[in-house]
Amino acid sequence: MSVRARNESAWLLPNDGTRTNHRLRRDMRTFADTDEVDLVVVGCGAGGSTMIQRLARAGWKVVALDAGPFWDPDADWVSDEAGSHHLYWTEPRLISGSDPVPLGSNNSGRGVGGSMVHYAGYTPRFHPSDFETLSRDGVGADWPLGYPDLKPYYEAIEGELPVAGEDWPWGDPHRYPHRPHPVGGNGEIFLRGAYALGIEAKVGPVAITNGRFGNRPHCIYRGFCLQGCKVNAKASPLITHIPDALAHGAEVRPDAMVTRVEIDQRSGRATGVHYVRDGRPRFQRAKVVAIAGYSIETPRLLLNSASPRFPDGLCNDFDQVGRYLMVQGAPQTAGRFDAEVRMYKAPPPEVSTEAFYETDPTKPYKRGFSIQTVSPLPITWAEHVAAQGHWGAALRDYMSDYVHWSCLGALCEFLPQAENRVILAEETDRYGMPVAHFAYSQCDNDTALMKAARTVMEDLLRAAGAGEVMTIDRFAHLVGGARMAAREKDGVVDADCRTFAVPNLYITDGSVLPTQGSANPALTIMALAARTAERLAARRTSVED
Amino acid sequence: MSDVAPGERHDRFPGFDALAQAGHWDPVTAGTVMARLGMPPDIRFFTPEEEAVGTALCDRLLGEPGEDHAKRVGRGTRVAVLNMIDARLAEKQTDGWRYDDMPHDGEAWRDTLAALDQDARDRFGHGFAACSVAEQETLIQQVQDLGSDRWHGLCARHVWSLWTRYVCTAFYSHPSAWDEMGFPGPAYPRGYKNTGVDAREPFEVRDARPGDDPARSRR
């Protein structure tokens, strides 16, 4: 089936130079709180949006609630770093551990489209090995499903975003629907250094249209991918799945903060969600509840939904909620060239290599890392320079040297650890709900990977001709926190993303991932949600109807 | 620390003016950026004492010239960084996280400015704002040198993170800071057509001192 026949989103957007189909939103079907909808989804990002698009198409009555706004790229987004602060989740949160992980702009979105509004746009698949790291390498965890289970959904989503890139030689080799983009200065440097060292590097894979796709125009290479794409070229669910969902009768209810999932104490089933909108407490009834709030808010919502049946938090019978939360080690190396790189021109995601992704038996560590171009804009570049210890005149001098720097980032596969987790803090937010406290500490394998990735990136930039190089330690992405497992004692959900504890409660976001590979998680989150939606639709058709 | 007026850094990109392209920006972005060029927001959060210490701290972290030097050679364009920080704190516009061993950002700013002032009195016998540039730099360097050790009961590294995040976010959002860097700022709906190494748009200006590598010159 053609992409348009199964997901018409790109053709439902306007083609007159504006970016939002206001009529589709105005005419959106709406449900009353008292309607028992077939499905209510909490969070309208990668997982939640895919769910409602699929299930609206299957004829379900669905509502998605999101704590943030229903964005209009024309009116709400700017081509400016500091002015994009409202794209991030900035409610209070605490961080701790030996390696505390900054949240906000680093990894946390809000509003319809979720973090994919401000992700770079890299959409690699996981490798087959990622699903069985425990069996293969004795580290991490095995998933209750394998790569072949996800493969058809990877292919489907890659067509819907769509993804542009060269033929991909790593993991399960595959091709992409759109040809690779031309590269800018930063991509050129990466390719030059990789060639000099004999490291295979490829252009892509990025979810940015290369050529017209439906009514979405070609990328204009303005470099502000992380500030929300005003062009509608970079994929986010706001434009790739929500329009089709609305056209098939789904409701998206923005500015609705869900505070608790209600459980019928007699039947043990979820009955709906409590939420606050316009300051008023409300309750949406639903036959099925799916939580898709990502790795911090999903565990927080479960922990805040304690009841007599679940005194330690919903689905927390075995103390699994909030645990095994992962970030990727993302050391960032910059190299200085007398030539002008001007890395702000062209999208930050351009070129990547997965040549170091798999376990190398000659190395003292397990698993690996990928390397990608990252092209920080001035404020983020200032963070890099300041993290190097520079301040005062040195900071200003390095900053004025901006056009000469090229910048690469690694994604190191940090291992899942029980103590890396979300718990509730004593502090409460303006709704009166306890806020999340996120603790993170690296293990020795994590630290070894950071070091190895740094060495490769510094070598690569030097091979490309860099004079000075400077590396800072960063972290990227979030996954885990309500992981999928074969047995209820080892996780929160099963292979279909259904919670072990509540038969009509699902979790369909990045928090279900048991491992993370060295891949950006967005594509895998969407593919998993698409698979869950398909199985949910089939389950109801065969069992209930 | 070298004694360079910010105006001198503009010499790297002679004649470059990010604002000259403002006519090509979309109106929403233009509104956001232009708001930074008007009157800075009045100080609402900091007390006058905190304002004095904070202004000096921002100037030192950004390598702004001291008052004497400014009188002699001029300042170039000075960005009202402290006012921008004050506005964020008044509006509680946080980064969406804080270290669990730090108080809320506003309180952390108040506490650390007071601590810096105390350090100045203990060491030099007068407040931080009355210190010479060299004295102020010494006191700031001491905080950075503590790393993860405690400074007035707080983790120095976390204090350093707080200061530099707020200061850099404010300063590098300003078009005059972009002019120093040769960065053209907003790029919608125009985009770029000449990407690649040593490729420039007609409105971009070549660096007049491409060998002026800060690392090389500091070695």
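The values are calculated or read from the model by the stated rules, or taken from the named source; none is laboratory data. A quick note: this is a predicted structure, and the numbers were derived from the prediction, not measured. All Cβ positions, even for glycine, are placed from backbone atoms using ideal geometry, and neighbour counts span all protein chains on display.
Tallying residues that are among the β-branched types (Val, Ile, Thr) and part of a helix (DSSP H, G or I) within the stretch B:80-102 yields 2.
Of note, A:VAL276 does not satisfy the criterion of being crowded, with 24+ Cβ neighbours inside 10 Å, assigned to a strand (DSSP E or B) and among the aliphatic types (A, V, I, L, M).
Is it the case, given these coordinates, that B:ALA70 is modelled with pLDDT of 95 or more, out of contact with any Leu (no Cβ under 7 Å at 6 or more places or on another chain) and part of a helix (DSSP H, G or I)? For B:ALA70, the condition - modelled with pLDDT of 95 or more, out of contact with any Leu (no Cβ under 7 Å at 6 or more places or on another chain) and part of a helix (DSSP H, G or I) - is not met. Comparison of A:TRP381, A:TRP391, A:TRP405 shows that the only residue that is without any contact (Cβ under 8 Å) to a residue 24 or more places away in the chain and within 14 Å of another protein chain (Cβ to nearest Cβ) is A:TRP391.
The single condition from (1) surrounded by fewer than 16 Cβ atoms within 10 Å (Cβ to Cβ); (2) closer than 30 Å to A:VAL63 by Cα that A:PRO243 fails is (1).
For the stretch A:1-34, give me each residue that is within 24 Å of the chain's Cα centre (by Cα) and within 19 Å of A:TRP77 (Cβ to Cβ). Correct list: A:SER9, A:ALA10, A:LEU13, A:ARG19, A:THR20. Quick one: which residue in A:ARG336, A:ARG300, A:ARG269 is out of contact with any Pro (no Cβ under 6 Å at 6 or more places or on another chain) and surrounded by fewer than 20 Cβ atoms within 10 Å (Cβ to Cβ)? Going through A:ARG336, A:ARG300, A:ARG269 in turn, the sole match is A:ARG269. Would you mind stating whether A:ASP255 is assigned to a loop (DSSP other than H, G, I, E, B) and either closer than 23 Å to A:THR20 by Cβ or in contact with a Leu (Cβ under 7 Å, 6 or more places away or on another chain) (or both)? It is true that A:ASP255 is assigned to a loop (DSSP other than H, G, I, E, B) and either closer than 23 Å to A:THR20 by Cβ or in contact with a Leu (Cβ under 7 Å, 6 or more places away or on another chain) (or both).
Checking each residue in the stretch B:51-63 for being acidic (Asp, Glu) and surrounded by 19 or more Cβ atoms within 10 Å (Cβ to Cβ) picks out only B:ASP59. Among the residues of the stretch A:408-428, those that are within 14 Å of chain B (Cβ to nearest Cβ), of a type in the set (A, V, I, L, M) and touching a Pro at 6+ places or on another chain (Cβ under 8 Å) comprise A:VAL422, A:LEU424, A:ALA425. The set of residues in the stretch A:44-65 being touching a strand residue (DSSP E or B) at 6+ places or on another chain (Cβ under 7 Å) and assigned to a loop (DSSP other than H, G, I, E, B) consists of A:CYS44, A:GLY45, A:TRP60, A:LYS61. All told, A:THR34 falls short of being over 29 Å from A:SER295 (Cβ atoms), surrounded by fewer than 20 Cβ atoms within 10 Å (Cβ to Cβ), among the polar types (S, T, N, Q) and touching an Asp or Glu at 6+ places or on another chain (Cβ under 8 Å). Test of understanding: among B:ALA130, B:ALA114, B:ALA134, which residue is aliphatic (A, V, I, L, M), exposed (fewer than 14 other Cβ atoms within 10 Å of the Cβ) and modelled with pLDDT of 95 or more? So the residue among B:ALA130, B:ALA114, B:ALA134 that is aliphatic (A, V, I, L, M), exposed (fewer than 14 other Cβ atoms within 10 Å of the Cβ) and modelled with pLDDT of 95 or more is B:ALA134. What are the residues in the stretch A:37-75 that are closer than 27 Å to A:THR90 by Cβ, more than 14 Å from every other protein chain (Cβ to nearest Cβ) and surrounded by fewer than 22 Cβ atoms within 10 Å (Cβ to Cβ), if any? Those that are closer than 27 Å to A:THR90 by Cβ, more than 14 Å from every other protein chain (Cβ to nearest Cβ) and surrounded by fewer than 22 Cβ atoms within 10 Å (Cβ to Cβ): A:PRO69, A:PHE70. Under the condition of being under 11 Å from the mean Cα position of the chain (by Cα) and at negative phi, the residues counted in the stretch B:35-69 number 8. Restricting attention to the stretch A:254-294, the residues that are at negative phi and out of contact with any His (no Cβ under 9 Å at 6 or more places or on another chain) total 26. In the stretch B:14-46, what residues are part of a loop (DSSP other than H, G, I, E, B) and surrounded by fewer than 15 Cβ atoms within 10 Å (Cβ to Cβ)? If the condition is that a residue be part of a loop (DSSP other than H, G, I, E, B) and surrounded by fewer than 15 Cβ atoms within 10 Å (Cβ to Cβ), then B:PRO14, B:GLY15, B:ALA35, B:LEU37, B:GLY38, B:MET39, B:ASP42, B:ARG44 are the ones that fit.
For the stretch B:4-34, a residue qualifies if it is at pLDDT below 95, under 20 Å from B:ALA170 (Cβ atoms) and of a type in the set (A, V, I, L, M, F, W, C), and exactly one does: B:ALA5.
Among residues that are without any contact (Cβ under 8 Å) to a residue 60 or more places away in the chain and touching a helix residue (DSSP H, G or I) at 6+ places or on another chain (Cβ under 8 Å), A:ASP496 is included. Filter the stretch B:202-219 for residues that are at pLDDT 95 or above and facing chain A (nearest Cβ under 8 Å) and give the result. Result: B:GLU204, B:ARG206, B:ASP207.
For the stretch A:347-442, no strands (runs of 3 or more DSSP E) sit wholly inside it while including 1 or more residues that are more than 26 Å from the chain's Cα centre (by Cα), among the basic types (Lys, Arg) and modelled with pLDDT under 95. The set of residues in the stretch A:76-128 that are crowded, with 20+ Cβ neighbours inside 10 Å and hydroxyl-bearing (Ser, Thr, Tyr) comprises A:SER79, A:SER84, A:TYR88, A:SER105, A:SER108, A:SER115, A:TYR119, A:TYR122, A:THR123. Within the stretch A:467-482, one or more residues are more than 30 Å from A:ALA201 (Cα to Cα) and crowded, with 24+ Cβ neighbours inside 10 Å. Within the stretch A:170-207, the set of residues being within 14 Å of chain B (Cβ to nearest Cβ) and part of a strand (DSSP E or B) comprises A:VAL203 only. Of everything in the stretch B:156-188 that is facing chain A (nearest Cβ under 7 Å) and touching a strand residue (DSSP E or B) at 6+ places or on another chain (Cβ under 9 Å), the residue that is surrounded by the fewest Cβ atoms within 10 Å (Cβ to Cβ) is B:TYR188. Among the residues of the stretch A:217-230, write down those that are more than 7 Å from chain B (Cβ to nearest Cβ) and touching a residue at least 60 places away in the same chain (Cβ under 8 Å). Those that are more than 7 Å from chain B (Cβ to nearest Cβ) and touching a residue at least 60 places away in the same chain (Cβ under 8 Å): A:CYS219, A:CYS225, A:LEU226, A:GLN227, A:GLY228, A:CYS229.
For the subset of the stretch A:76-119 comprising residues that are assigned to a helix (DSSP H, G or I), under 19 Å from A:SER9 (Cβ atoms) and in contact with a strand residue (DSSP E or B) (Cβ under 8 Å, 6 or more places away or on another chain), which member is nearest to the other protein chains (Cβ to nearest Cβ)? Among those residues, the one meeting the criterion is A:SER115.
Looking across A:ARG260, A:ARG300, A:ARG277, one residue alone is closer than 22 Å to A:GLY111 by Cα and over 25 Å from the mean Cα position of the chain (by Cα). It is A:ARG277.
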